[in-house]
Amino acid sequence: MTDKNALELKDLSVAYRVGRRNRAVLRNLNLTIKAGEAYGLVGESGCGKSTVALSVVRYLPRNGSITGGSIALDGEDVMTLDAEALRRARADSVSMVYQDPGKALNPSLRIGRQLTEIFELAGIGGQQAQDKALAMLNRVRISDPASVMQRYPHQLSGGMQQRVAIAMALANDPSMLILDEPTTGLDATVEAEVLDLIAQLRRELSASILFISHNLAVVSHMCDRVGVLYAGMLVEEGSTKDVFNDPRHPYTVALLRCLPRGGQRKDQGRLDTIPGFLPGIGATITGCAFADRCALATERCRTEPPPLYELGEGRLSRCHYHDKAQSLPRATPADVPAVAPKQAPPVLQVEGLNKTYGSHGHPLRAVKDVSVSLRPGETLGLVGESGSGKTTFARLLLGLVAPDDGGSIELEGKKLAPRLASRSEDQVKAVQIVFQNPDSALNRSHSIRHILGRALKRLGGLTGRTLDNRLEELVRSVRLTDRHLAVKPRQLSGGLKQRVAIARAFAGDPRIVVCDEPTSALDVSVQAAILNLLADLQSRQDVSYIFISHDLGVVRYLSDKIAVLYLGRIMEFGPSEAVFSGPHHPYTEALLSAVPKLDRTEASRIRLDGEIPSAANPPSGCVFHTRCPRKIGTICETKEPELTEAQLGHTIRCHIPYDELARLQKPKTVEPA
Amino acid sequence: MSATDTAKLPAPAAAPDTAPRSPWGEVLHSLSRSGTFLTGLAIVVFWIVCALFGQYFVPYDPLASDIINALTPPSADHWFGTDQLGRDVFSRVIVGSRDILTVAPLATILATIAGTALGLLIGYFRGIVDDIVSRVLEAFMAIPVVIIALLAIVALGTSKITVIVVIGLSFAPIIARTVRSAVLAERELDYVAAAKLRHEGALHTMFVEILPNVIPPILVETTVRLGYAIFAVATLSFMGFGIQPPSPDWGLSISSNYGMIGGGFWWTVLFDALAIASLVIGVNLVADGVHGAFND
């Protein structure tokens, strides 16, 4: 390693031209990544993270321009390179891995062709290029690389595609590797594998890494140093451990508080939130950019832009009161009304629910023999990798797809018709949903007033004056204002759109609301506000939730019961605390272990090998045996275990006896982030 | 509780950089800067003005024959010459757009309405409805429009209404197909599922929920079809099945004069032909512009 800095940004300013005006996105950004270092850049969407990555390789969109400062890669000024030199620099010294590997790979070329192409550009052809490509795939630990070379990108899973993208990025042995949200679209288990891979490769290669992510835990897991970006400015920088354990900027403090941590649950208090919004791009900022959202802000903060204070040991903070940052008062009071434990009869009782899709003659069992029950005011968390049947189960409850014959869904003791069309009006309004993506869930041609008014009319059976009154009430209950009624969904931010979607679900006083990953598209501060809102509405209206999420911290915060699904089967079902604290099913154990932790405590890790098998051709015996780290023998391959009650209300589908699981899993405690 | 987190603060809608124009404003803005669109629009507006007011400024009565001055070549008196009955070709070309500019747009509107309704229906219900209707539409589209039109006109008799209905109905399947594919994508969005979860009827879902979101492709297809409709009307008139004499219609004029070309009387045909071409080109430029504005 040399003393040269792998990347050096000096006073970098970037602007996007929107409507004949240059709007500043990055403001005098100074950032240095030393050779061999992994640097994490975090911040909410819109703060300029990706713009940093694009500027480094000068790939800014057409309306973007570098308005000041300099960028040096390996000591070489990128700004002065001519087109050919820039092309060489991109080819030789810097590589990027993007969020969506499906878009980064060419869909009409075989993997082998795409990989050898890189070597051909470097002047290596024929068999030699083939061999090198194979070696690259081996390096990213793809099993059976020879057959992967022959495949097209769509024939690979998301995790495999991202490995191939990483292999391509590493092919020319770059000195700088830029990873822009490389694991955001992946399942937790796959994410863990890809992160492990990147960590291993770091040890083998000399490349410096710029790791961009909104996920603080992932960055904490991967990086030596971290910079927090806010409104295009670096507001805090330091070693990862210091920044996350001892933040010195109110923004970092607030961001960390938004995450449900250490097994926090809804009845133990609400999450903190960050009031207000990120300044829009190009906004004029006098004083501190965060002052409007900061409870510590004084007159000085509003008028005098804080410099980056040096706090020693390489720590920087752009706050006048960095020594007091951690005394930032909560924006949201933590206390919650005490909820008395309920003994009401179940509001939902599902028995032996099955759903089989016919797929080219092969029956595909999306949901198999699922039974759950849920009491009023409780939340059932559904967890599992994609393809585990979570969403299909939710759609069965809603009646959007009809289940197979046999099996039953009972709502407050009355049987629900399998099809939505044959359910009564009361039953329809009793089971509603908050979709994952509000852009798809809200009709973009309709105003918020129309969307909510229609829901109140159809679900609440209201008209005229009563409807208007109820509309105002509904809007207030999700903390929107009358002003939001006149606009179309696109004029609202993601968090506000999700509030509208929640209001719509609550229009007819539902008994059960399915929440299908309602916060996965949102920033952490907005996520916290939405989770608080859901928890508040629940305690006020005694509604039950079916909460689907791949973020186990979020699921744990909101859920009273957890069902762990794998290939459409419930592997474990029980009270949230029991499922999280264990002993748990080996699959649950692996899921929990895959979650990156913010505090960097390295519990012994369990990694699942390979991909989730196809539901059209599930493994014999226990469906999890192909990936199970605790497989005990042939019985796992031949006989499907029953869901057996381990403790009262806590059932596990495993051949390993409960006491044995307890003994095996004893030495460590696994906590989600 | 967390009343502070968003409610009190201005919505992003208030910030100028997060909510620029409405989607339609965006499209209008893009159109106003599109040379293609503006050129096309200028041509089309020119012919519309001619159709509406041409009779007041043309130098001669387009229908008045003057046998003595028949077939005079272009001159200062008769800019485009005269035809075999001595009628002034320039005057006839200027007002000749009147019929085609009523018949073709009306046919296109009919095609759009019928095609949109049909497309929504088959796109929304899919399944057996789609299978049957789509095959029928495809079979229908395999036959050239002119042949269908000729058969229908022979059966129904010649009139402007017949031409409108025939062209309208033969273009409807093409629009239906465009609408269908847009609806297929749209119906998978969650707001359609949300409508089902309110027990909305199929008609409400199709026309109130989905239709407003598929307007852009419909508009594009409609402008493209208008170009073809003009061409179809001119063709039918040329063959004697469209607009009837004594209208100075372009297609009709070409049909009654093209026998003269052999005699060297090219001016009796050329200017009408150029007029048809310019109108079709104008409409196509507009269509290109609209397409560009929606797909940028």
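The values are calculated or read from the model by the stated rules, or taken from the named source; none is laboratory data. Only a predicted model underlies this, so the values are computations on that prediction, with no experimental measurement involved. Because the Cβ atoms are built from the backbone with ideal geometry, glycine has one as well, and the counts that use them run over all protein chains shown.
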Check: In the range A:245-263, which residue that is in a loop (DSSP other than H, G, I, E, B) and surrounded by fewer than 21 Cβ atoms within 10 Å (Cβ to Cβ) is modelled with the lowest pLDDT?
Finding: A:GLY262
Notebook entry, point to check: Take the residues of the range A:406-433 that are over 34 Å from the mean Cα position of the chain (by Cα), among the small types (Gly, Ala, Ser) and in a loop (DSSP other than H, G, I, E, B): which is farthest from the other protein chains (Cβ to nearest Cβ)?
Noted result: A:GLY406
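Looking at A:ASP272, is it of a type in the set (Asp, Glu), modelled with pLDDT of 85 or more and part of a helix (DSSP H, G or I)?
Details: of a type in the set (Asp, Glu): yes; modelled with pLDDT of 85 or more: yes; part of a helix (DSSP H, G or I): no.
So A:ASP272 does not fit the description; no.
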Check: Do you know which residues across the range B:222-255 are without any contact (Cβ under 8 Å) to a residue 24 or more places away in the chain and in a helix (DSSP H, G or I)?
Finding: B:PHE238, B:LEU252, B:ILE254, B:SER255
Next item on the list: Might you check whether a residue that is in a helix (DSSP H, G or I), over 30 Å from A:GLN349 (Cβ atoms) and not β-branched (Val, Ile, Thr) occurs anywhere in the range A:501-523?
Entry: no
Margin query: For A:LEU54, only one of the following conditions fails: (1) farther than 30 Å from A:PHE290 by Cβ; (2) free of Cβ contacts under 8 Å to residues at least 12 places away in the same chain. What is its number?
Written below: (1)
Next item on the list: Looking at (1) modelled with pLDDT of 90 or more; (2) surrounded by fewer than 24 Cβ atoms within 10 Å (Cβ to Cβ), find the lone condition where B:PRO245 falls short.
Entry: (1)
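Is it the case, given these coordinates, that B:SER65 is touching a Leu at 6+ places or on another chain (Cβ under 8 Å), surrounded by fewer than 22 Cβ atoms within 10 Å (Cβ to Cβ) and in a loop (DSSP other than H, G, I, E, B)? If you could, list the steps in order and put the result at the bottom.
Values: touching a Leu at 6+ places or on another chain (Cβ under 8 Å): yes; surrounded by fewer than 22 Cβ atoms within 10 Å (Cβ to Cβ): yes; in a loop (DSSP other than H, G, I, E, B): yes.
Considered against the rule, which asks whether it is touching a Leu at 6+ places or on another chain (Cβ under 8 Å), surrounded by fewer than 22 Cβ atoms within 10 Å (Cβ to Cβ) and in a loop (DSSP other than H, G, I, E, B), B:SER65 comes out as yes.
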Checklist line | the range A:440-471, subset surrounded by fewer than 18 Cβ atoms within 10 Å (Cβ to Cβ) and out of contact with any helix residue (DSSP H, G or I) (no Cβ under 7 Å at 6 or more places or on another chain), residue nearest to A:PHE506 (Cα to Cα) | finding: A:GLY461
Margin query: So for the range A:392-401 (the condition being among the hydroxyl-bearing types (Ser, Thr, Tyr), under 30 Å from A:ASP523 (Cβ atoms), within 14 Å of another protein chain (Cβ to nearest Cβ) and surrounded by fewer than 18 Cβ atoms within 10 Å (Cβ to Cβ)), does at least one residue qualify?
Written below: no
Next item on the list: Can you confirm whether the range A:265-273 contains a residue that is away from chain B (no Cβ under 14 Å) and either under 16 Å from A:VAL228 (Cβ atoms) or in contact with a Pro (Cβ under 8 Å, 6 or more places away or on another chain) (or both)?
Entry: no
Item checked: Residue that is surrounded by the fewest Cβ atoms within 10 Å (Cβ to Cβ) [pool: residues in the range A:72-128 that are part of a strand (DSSP E or B) and in contact with a helix residue (DSSP H, G or I) (Cβ under 8 Å, 6 or more places away or on another chain)] -> A:GLU76
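Considering the range B:200-214 alone, what residues qualify as being within 8 Å of chain A (Cβ to nearest Cβ) and either assigned to a helix (DSSP H, G or I) or in contact (Cβ under 8 Å) with a residue 60 or more places away in the chain (or both)? Don't jump to the end; show me each part of the working.
Restricting attention to the range B:200-214, the residues satisfying the condition of being within 8 Å of chain A (Cβ to nearest Cβ) are B:200, B:209, B:212-213.
Selection gives B:GLU209, B:PRO212, B:ASN213.
Yes/no per residue for (1) more than 27 Å from A:ARG449 (Cβ to Cβ); (2) in contact with a Gly (Cβ under 9 Å, 6 or more places away or on another chain); (3) of a type outside the set (Ser, Thr, Tyr):
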| site | (1), (2), (3) |
| --- | --- |
| A:PRO518 | no, no, yes |
| A:LEU522 | no, yes, yes |
| A:LEU533 | no, no, yes |
| A:ARG540 | no, no, yes |
| A:TYR545 | no, yes, no |
| A:TYR557 | yes, yes, no |
| A:GLY568 | yes, yes, yes |
| A:GLY574 | yes, yes, yes |
| A:LEU592 | yes, yes, yes |
Notebook entry, point to check: How about the range B:249-265: which of its residues are buried (at least 22 other Cβ atoms within 10 Å of the Cβ), over 16 Å from B:PHE90 (Cβ atoms) and not small (Gly, Ala, Ser)?
Noted result: B:LEU252
Check: If we scan the range B:189-199, do we find a residue that is away from chain A (no Cβ under 14 Å), out of contact with any His (no Cβ under 6 Å at 6 or more places or on another chain) and not small (Gly, Ala, Ser)?
Finding: no
Check: Do we have A:ALA254 as free of Cβ contacts under 8 Å to residues at least 12 places away in the same chain, within 14 Å of chain B (Cβ to nearest Cβ) and in contact with a Cys (Cβ under 9 Å, 6 or more places away or on another chain) here?
Finding: no
Check: Out of the range B:266-283, which residues are surrounded by fewer than 21 Cβ atoms within 10 Å (Cβ to Cβ) and not aliphatic (A, V, I, L, M)?
Finding: B:TRP266, B:SER278
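Residue-by-condition table, conditions (1) modelled with pLDDT of 95 or more; (2) under 28 Å from B:PRO217 (Cα atoms); (3) aliphatic (A, V, I, L, M); (4) more than 25 Å from the chain's Cα centre (by Cα):
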| position | (1), (2), (3), (4) |
| --- | --- |
| B:LEU63 | no, no, yes, yes |
| B:ASP66 | no, no, no, yes |
| B:SER75 | no, no, no, yes |
| B:HIS78 | no, no, no, yes |
| B:GLN84 | no, no, no, yes |
| B:GLY96 | no, no, no, no |
| B:ILE109 | yes, yes, yes, no |
| B:GLY115 | yes, yes, no, no |
| B:PHE125 | no, yes, no, yes |
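What number of residues within the range A:318-338 are assigned to a loop (DSSP other than H, G, I, E, B) and either loosely packed, with under 15 Cβ neighbours inside 10 Å or more than 11 Å from chain B (Cβ to nearest Cβ) (or both)?
In the first step, residues of the range A:318-338 are kept if they are assigned to a loop (DSSP other than H, G, I, E, B); the result is A:318-321, A:328-338.
Now restrict to residues that are either loosely packed, with under 15 Cβ neighbours inside 10 Å or more than 11 Å from chain B (Cβ to nearest Cβ) (or both): A:318-321, A:328-329, A:333-335, A:337-338.
Count: 11.
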Notebook entry, point to check: Any idea how many residues of the range B:176-198 are over 20 Å from B:ILE218 (Cβ atoms) and not hydrophobic (A, V, I, L, M, F, W, C)?
Noted result: 3
Check: What number of residues in the range A:503-522 are of a type in the set (D, E, K, R) and either buried (at least 22 other Cβ atoms within 10 Å of the Cβ) or touching a Pro at 6+ places or on another chain (Cβ under 9 Å) (or both)?
Finding: 3
Next item on the list: Please give the number of the condition A:GLU473 fails out of (1) closer than 22 Å to A:GLN538 by Cα; (2) assigned to a loop (DSSP other than H, G, I, E, B); (3) more than 9 Å from chain B (Cβ to nearest Cβ).
Entry: (2)
Next item on the list: Go through the residues of the range A:608-622 one by one and say whether even a single one is in a helix (DSSP H, G or I), under 25 Å from A:ALA217 (Cβ atoms) and not aromatic (Phe, Trp, Tyr).
Entry: no
Next item on the list: Please verify whether the range A:178-194 includes one or more residues that are of a type outside the set (D, E, K, R), surrounded by fewer than 24 Cβ atoms within 10 Å (Cβ to Cβ), more than 30 Å from A:ALA578 (Cα to Cα) and not assigned by TED's automatic domain parsing to the domain that holds A:TYR587.
Entry: no
Notebook entry, point to check: Can A:ASN443 be described as more than 24 Å from A:THR379 (Cβ to Cβ) and at the interface with chain B (Cβ under 8 Å from one of its Cβ atoms)?
Noted result: yes
